[in-house]
Amino acid sequence: MRFLFYTHSAVSDWNHGNAHFQRGIMRELIARGHGVAALEPADGWSRSNLLAEQGPFAVERFRKDFPELMVAAYDPGFEHEAWLAGADVVIVHEWTDKDLVARIGRARAYCNFTLLFHDTHHRAVSATEAIAALQLEHYDGVLVFGEVLRESYLRAGWGRRVFTWHEAADDRLFKPLPEIDRESDLVWIGNWGDDERSAEIAEFLIEPARALGLSGTVHGVRYPPDALTALADTGLCYEGWIANADVPKAFARHRVTMHIPRRPYRESLPGIPTIRMFEALACGIPLVSAPWADVEGLFRAGTDFLFARNGDEMRGHLRDVVNDRELAEALAASGLETILARHTCRHRADEMFAILAACGNRDATEIKPAAEAAA
C-alpha cells in the first residue's frame with residue numbers, strides 16, 4: 001500500500017514531539033514493505049526554529065538518522081492533488097493548515113484513497129473553535145491519541161468515525177544500551193511548554209534535584225532566563241535541544257528520568273502521557289512520574305514506574321531509585337516489558353490496519369498483524 005502523511009514536520013523535532021511517533025510509524029510501514037512519503041510546509045514553525053537555532057546541519061542530521069524516510073516540503077504553489085492521486089491512504093495531522101485540510105477532503109471525492117485525520121494535541125478541549133472550524137466531513141475517520149479525546153470528538157460530532165490510537169515507542173531506535181555506563185543521576189527531556197507546566201517543573205524537577213544534590217542533564221527548548229537560572233542553581237546541566245535519535249544514549253548515561261505532563265493533559269485529557277514516557281521505558285531507564293490519571297490502564301503504576309503525588313514524594317522516589325540498584329533494575333525491566341508487550345510502533349501499525357479495514361479499505365482487510373505474519 002502507498003501511504004502519504006501530512007505532517008507539521010517530519011524533519012524537525014524542535015518542540016515537536018509528534019514527529020517522534022510519525023517517524024516511528026512511517027519506519028514500521030516501510031519495514032513491512034509499504035510505500036511511504038511525508039509532506040510538510042516549507043515554512044513550518046518547528047522546521048523554521050530548528051534551522052534558525054541549529055542551521056542546515058540539523059536537516060542533514062535527520063537524513064543521516066532516518067535515511068529511509070522520504071520527505072518533501074510544500075509551498076503555496078505545491079501540486080497536492082498529484083501526490084494524493086497516487087496514495088492508498090492519506091493521514092493528515094492536526095497541525096495542518098485548515099484550508100489544506102479542507103482541500104484534501106475535497107480531493108477525496110475523486111481520488112480512491114482512505115483519508116484519516118490525526119489529532120495528537122489538546123486543542124479539541126483547549127481551543128475547540130479551531131477544531132470545530134475544520135472541514136472533516138469527507139474524512140473516513142479520525143485518529144486521536146486518547147479515549148477522552150475520542151469522546152470529545154464524538155460529542156461534538158467531528159468526523160464520521162473516531163478511533164483511539166495512542167502514541168508509542170519506535171523500539172528500533174528506543175532500546176536499552178547496556179554498554180553505556182550510567183555516569184550521572186537524573187536526566188529530564190522536555191520543553192518549557194508555554195508555561196503549561198512551569199509550576200510543575202519547579203516542584204517536581206528543580207526543587208527535588210536541588211535538595212538531593214543530584215548530578216544530571218536537562219534537555220529542551222524555549223526555557224526563559226529565570227528557568228535557566230533556577231536550573232543552574234540545582235547543579236543540573238542544561239544542554240538545550242537534543243536530536244531524538246540521540247535520546248537513547250542520553251537515557252543510557254543516567255540512572256533515572258521523570259515524566260512531567262503539561263497541565264492541559266493532566267486536567268482535561270486524563271489517560272494521555274507524553275511520548276517521552278513510552279520512549280524512556282523502551283530504553284530501560286527507571287522513571288518517576290508527576291501526577292496524571294492513567295484511566296486507560298496503559299501501564300502498571302508502581303511496577304513499570306513510580307508515581308509522585310507532590311514534590312516531597314518525587315524527592316523520596318528519586319533518592320530511592322538512585323541509591324537502590326535492585327529497585328532501579330526492577331522498574332526498568334517491568335517498564336520495558338510493558339512497552340514491548342503493548343506500546344511499540346508495531347502494535348500501532350497493526351491497529352492502523354484494523355482501523356483502515358473498519359473504514360472500508362479492502363486492501364487492509366488482507367493484511368495480517370505482525371505477530372501473526374511472523375508465526
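The values are calculated or read from the model by the stated rules, or taken from the named source; none is laboratory data. The structure displayed is predicted, hence computed values, not measured ones. For neighbour counting, all protein chains shown are included, and Cβ atoms are generated from backbone atoms with ideal geometry for every residue, glycine included. SASA here: full protein model, heavy atoms, side chains in, ligands and nucleic acids out. Shrake-Rupley method; radii C 1.70, N 1.55, O 1.52, S 1.80 Å.
Looking only at residues in the range 207-230 that are out of contact with any strand residue (DSSP E or B) (no Cβ under 7 Å at 6 or more places or on another chain) and open to solvent by less than 10 Å² (accessible area, probe 1.4 Å), the one that is nearest to residue 173 (Cα to Cα) is 221. Applying the criterion of being assigned to a loop (DSSP other than H, G, I, E, B), touching a strand residue (DSSP E or B) at 6+ places or on another chain (Cβ under 9 Å) and not aliphatic (A, V, I, L, M) to the residues of the range 70-89, the residue that is farthest from residue 39 (Cα to Cα) is 88.
So which strands (runs of 3 or more DSSP E) are wholly in the range 90-167 and hold at least 2 residues that are in contact (Cβ under 8 Å) with a residue 40 or more places away in the chain and open to solvent by less than 10 Å² (accessible area, probe 1.4 Å)?
Qualifying strands (runs of 3 or more DSSP E): 114-119, 141-144.
For the range 160-172, indicate whether the set of residues that are at pLDDT below 95 and more than 19 Å from residue 250 (Cβ to Cβ) is non-empty.
yes
In the range 203-246, the qualifying residues are those that are touching a residue at least 12 places away in the same chain (Cβ under 8 Å) and β-branched (Val, Ile, Thr), and the one that is nearest to residue 21 (Cα to Cα) is 242. Search the range 192-203 for residues being open to solvent by 10 Å² or more (accessible area, probe 1.4 Å) and out of contact with any Phe, Trp or Tyr (no Cβ under 8 Å at 6 or more places or on another chain), and hand back the single one that is modelled with the lowest pLDDT. Selected residue: 194. Provide a single number: the residues in the range 254-270 that are assigned to a loop (DSSP other than H, G, I, E, B) and open to solvent by less than 30 Å² (accessible area, probe 1.4 Å). Number satisfying all stated conditions: 3. One residue stands out in the range 231-245 among those that are part of a helix (DSSP H, G or I) and open to solvent by less than 50 Å² (accessible area, probe 1.4 Å): the one that is farthest from residue 46 (Cα to Cα), namely 234. For residue 59, indicate whether it is open to solvent by less than 30 Å² (accessible area, probe 1.4 Å) and modelled with pLDDT under 95. In short, yes.
Checked against (1) surrounded by fewer than 23 Cβ atoms within 10 Å (Cβ to Cβ); (2) of a type outside the set (S, T, N, Q); (3) more than 18 Å from the chain's Cα centre (by Cα), residue 286 meets all criteria but (1). Exactly one residue among 303, 338 is touching a helix residue (DSSP H, G or I) at 6+ places or on another chain (Cβ under 9 Å), within 21 Å of residue 169 (Cα to Cα), polar (S, T, N, Q) and part of a helix (DSSP H, G or I), and that residue is 338.
From the list 300, 362, 342, 309, which one is within 24 Å of residue 244 (Cβ to Cβ) and open to solvent by 60 Å² or more (accessible area, probe 1.4 Å)?
On the way: 300 fails: within 24 Å of residue 244 (Cβ to Cβ); 362 fails: within 24 Å of residue 244 (Cβ to Cβ); 309 fails: within 24 Å of residue 244 (Cβ to Cβ).
One residue alone meets the criteria, 342.
Residue count for the range 341-370, restricted to those that are at pLDDT below 90 and not in a loop (DSSP other than H, G, I, E, B): 5. When restricted to residues that are open to solvent by 30 Å² or more (accessible area, probe 1.4 Å) and within 18 Å of the chain's Cα centre (by Cα), the range 18-56 contains 3.
This table checks each residue for (1) in contact with a Leu (Cβ under 8 Å, 6 or more places away or on another chain); (2) touching a residue at least 12 places away in the same chain (Cβ under 8 Å); (3) in a helix (DSSP H, G or I); (4) farther than 28 Å from residue 122 by Cα.
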{"residue": "174", "(1), (2), (3), (4)": "no, yes, no, no"}
{"residue": "185", "(1), (2), (3), (4)": "yes, yes, no, yes"}
{"residue": "193", "(1), (2), (3), (4)": "no, yes, no, no"}
{"residue": "201", "(1), (2), (3), (4)": "no, yes, yes, no"}
